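Here the structure is laid out as structure tokens; the discussion comes afterwards.
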Amino acid sequence: MTVIEASGVSLTFQTADGPVHALKDVDLSIAPGEFVSFIGPSGCGKTTFLRSIAALETPTGGTLRVNGMEPDAARRARAYGYVFQAPGLYPWRTISGNISLPLEIMGFSKADRAERIARVMDLVQLSGFGGKFPWQLSGGMQQRASIARALAFDADILLMDEPFGALDEIVRDRLKEALLALWRKTGKTIGFVTHSIPEAVYLSTKIVVMSPRPGRITRIIDSTLPPDRPLDIRDTPEFIALAHEVREGLRDGHGHD
Amino acid sequence: MRSAKGCATVTAMTKGRLVPVLTVLMVIVAVWYLAAIRMNAQWERDQAARAEVTLTLPDLVARTLVQERPVLPAPHQVAVGLWEGLAGQAITSRRSLVWHAWVTLSATLAGFAIGTGAGILLAVGIVHSRSMDQSVMPWAVASQTVPILAIAPMVIVVLSSMGITGLLPKAIIAAWLSFFPVLVGMVKGLRTPDAMQLDQMRSWSASDAQVFWRLRLPSSLPYLFASLKVAIAAALVGTIVGELPAGATAGLGARLLSGSYYGQTVQIWSALFVAALLAAGLVAIVGWLERRTLDRMGLAR
């Protein structure tokens, strides 16, 4: 049983300087409930792969299945929620109004929307902030609101493209803890793009190391860490060994240059 | 506490602004008086020469400021003309500037509404259709390069030959001038959502209509309001130009024209000032709506 199944996925952009191989022969399968991080230097195709899963890009080769469907069909079936690097909240809508936005677009009833908004706000610990406007919230809280928005329509898959990239270290730590708690509670399958090794190791059950030119997977590391992870797990030898392995993988990728 | 502080800030601001504003105003008035004396002096000298009297300088100056048909009326003459036009007549009278201003204002507002509607609709088309993007814009630009003074009489004559007279032909000329800033502003405004915001919408499988109503239109409002300020002033200019040809008898434009026929410069200047006040008032109203709306939407920046 797999949620995301990629075999031989390639994506070539035609540019003025000739073709750019953003992805080449990517094989990967992700099981339900996994937390998968994609890590690699810029240009390695990690974001492109995530966007392909979301049908925001179309692979030029290979097959990609999301919940057994074409990515496009999966999107229409509300298979995933996508969290972008910036919260992208609308300043003219309150936090509740912003979370309500995809629900309105998808045609949920008013009562259903209210119930879902309350539930996901609780999940990201924003209860009581529904009436606030985005500018009244800190960057971290805004990003939590955007995660709530992605969760509101009950997609099984949560795709996150460097969601904490614009936040400071302390806020990131807190959000990472909260995200792990949320993941344990909801059992969602999460695809998470990052360029931080500790972030990838701390969060993931599976770490996909990628390298550029052409964008490809160089190593897939299964985490040996327990699902319950306090922040100080980062000081354990197990954590350090995993981080070392990821770093090796990244270095391997660069050896091809 | 807070309101007291607010009051203090307002007073400080008005105090800070009042002095320079009054200074500039006084300089303008002074220059105006000097120009009036200089420009009207020749006629007085000619009159004096004909009557074979010599004028002392104080006499000359005094006479230049009370002429009936001066080349340039003095500020106080315009002020009197304005006052009589605005307050000295029943507002239904043909001599009332209030009545003429209303005639102009109604056509301006109608033209502004038509122009704004047309500008927004064309912008929506341009943003959503590639072929419209390439075909409409050059024509819109071309329409604005034709001098409105050349177009206006043709519009009036053609429409009146079709039996359409009164407010509508003027409104169409006003719309001709006012749709363009709205079109340009809205094309820019409807395209402000960035790639991420559009991807977000796609990730929710939103339709074009949903993207338009929920994202593009609200995002475009700061641009719309900026355009509306230009458009409403342009609509007023268009209306006045539309009132000039073909013997219009009502409106500020007609007032300007009859003033120039009969050498009634005070009348011309009074009408000009009413037009300026009208424009300032209209732009201020749009500006107030802008602040109110954008503040409420969290877009005021």
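The values are calculated or read from the model by the stated rules, or taken from the named source; none is laboratory data. Computed from a predicted structure; not experimentally measured. All Cβ positions, even for glycine, are placed from backbone atoms using ideal geometry, and neighbour counts span all protein chains on display. Calculation scope for accessible area: heavy atoms of the full protein, side chains included, ligands and nucleic acids excluded. Shrake-Rupley method; radii C 1.70, N 1.55, O 1.52, S 1.80 Å.
Numbers for the structure displayed
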item	result
Residue among B:149, B:105 that is part of a helix (DSSP H, G or I), within 29 Å of residue B:189 (Cα to Cα) and assigned by TED's automatic domain parsing to the domain that holds residue B:269	B:105
Top-ranked residue in the stretch A:17-34 [being of a type outside the set (Gly, Ala, Ser) and free of Cβ contacts under 8 Å to residues at least 12 places away in the same chain; ranked as nearest to residue A:81 (Cα to Cα)]	A:20
Only one of A:37, A:96 that is open to solvent by 30 Å² or more (accessible area, probe 1.4 Å), more than 14 Å from chain B (Cβ to nearest Cβ) and touching a residue at least 12 places away in the same chain (Cβ under 8 Å)	A:96
Verdict on residue A:113 being open to solvent by 40 Å² or more (accessible area, probe 1.4 Å), under 27 Å from residue A:228 (Cβ atoms) and assigned to a helix (DSSP H, G or I)	no
Residue satisfying all of: in the stretch A:162-175; surrounded by fewer than 23 Cβ atoms within 10 Å (Cβ to Cβ) and touching a residue at least 40 places away in the same chain (Cβ under 8 Å); nearest to residue A:75 (Cα to Cα) among these	A:162
Of the criteria (1) under 20 Å from residue A:199 (Cα atoms); (2) within 14 Å of chain B (Cβ to nearest Cβ), which one residue A:107 fails	(1)
From the options B:221, B:278, residue that is open to solvent by less than 50 Å² (accessible area, probe 1.4 Å), over 20 Å from residue B:153 (Cβ atoms), within 22 Å of the chain's Cα centre (by Cα) and within 14 Å of chain A (Cβ to nearest Cβ)	B:221
Close pairs from the stretch B:158-181: first assigned to a helix (DSSP H, G or I), partner surrounded by fewer than 24 Cβ atoms within 10 Å (Cβ to Cβ) and among the charged types (D, E, K, R), Cβ under 9 Å, at least 6 apart	B:181/B:229
The one condition in (1) within 14 Å of chain A (Cβ to nearest Cβ); (2) surrounded by 17 or more Cβ atoms within 10 Å (Cβ to Cβ) that residue B:194 fails to fulfil	(2)
From B:85, B:115, B:119, B:111, residue being in a helix (DSSP H, G or I) and not assigned by TED's automatic domain parsing to the domain that holds residue B:239	B:85
Tally of residues being among the hydroxyl-bearing types (Ser, Thr, Tyr) and under 19 Å from residue B:205 (Cβ atoms) across the stretch A:66-98	3
Members of the stretch B:199-227 found to be in a helix (DSSP H, G or I), within 26 Å of residue A:160 (Cα to Cα) and among the polar types (S, T, N, Q), listed by number	B:200, B:203, B:210, B:219
The stretch A:196-223, residues that are open to solvent by less than 10 Å² (accessible area, probe 1.4 Å) and assigned to a loop (DSSP other than H, G, I, E, B)	A:204, A:212, A:215
Residue A:237 vs. criteria out of contact with any Asp or Glu (no Cβ under 7 Å at 6 or more places or on another chain) and at pLDDT below 90	no
Subset of the stretch A:117-143 (residues that are within 14 Å of chain B (Cβ to nearest Cβ) and not in a loop (DSSP other than H, G, I, E, B))	A:134, A:135, A:136, A:142, A:143
Residue list for the stretch A:64-93, filter: more than 9 Å from chain B (Cβ to nearest Cβ), under 16 Å from residue A:139 (Cα atoms) and not hydrophobic (A, V, I, L, M, F, W, C)	A:87
Some residue of the stretch A:94-102 being closer than 20 Å to residue A:193 by Cβ, of a type outside the set (Phe, Trp, Tyr) and either modelled with pLDDT of 95 or more or more than 15 Å from the chain's Cα centre (by Cα) (or both)	no
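Let's see how each residue does on (1) of a type in the set (A, V, I, L, M, F, W, C); (2) in contact with a Gly (Cβ under 7 Å, 6 or more places away or on another chain):
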site	(1), (2)
B:120	yes, no
B:135	no, no
B:142	yes, no
B:151	yes, no
B:156	yes, yes
B:163	no, no
B:173	yes, yes
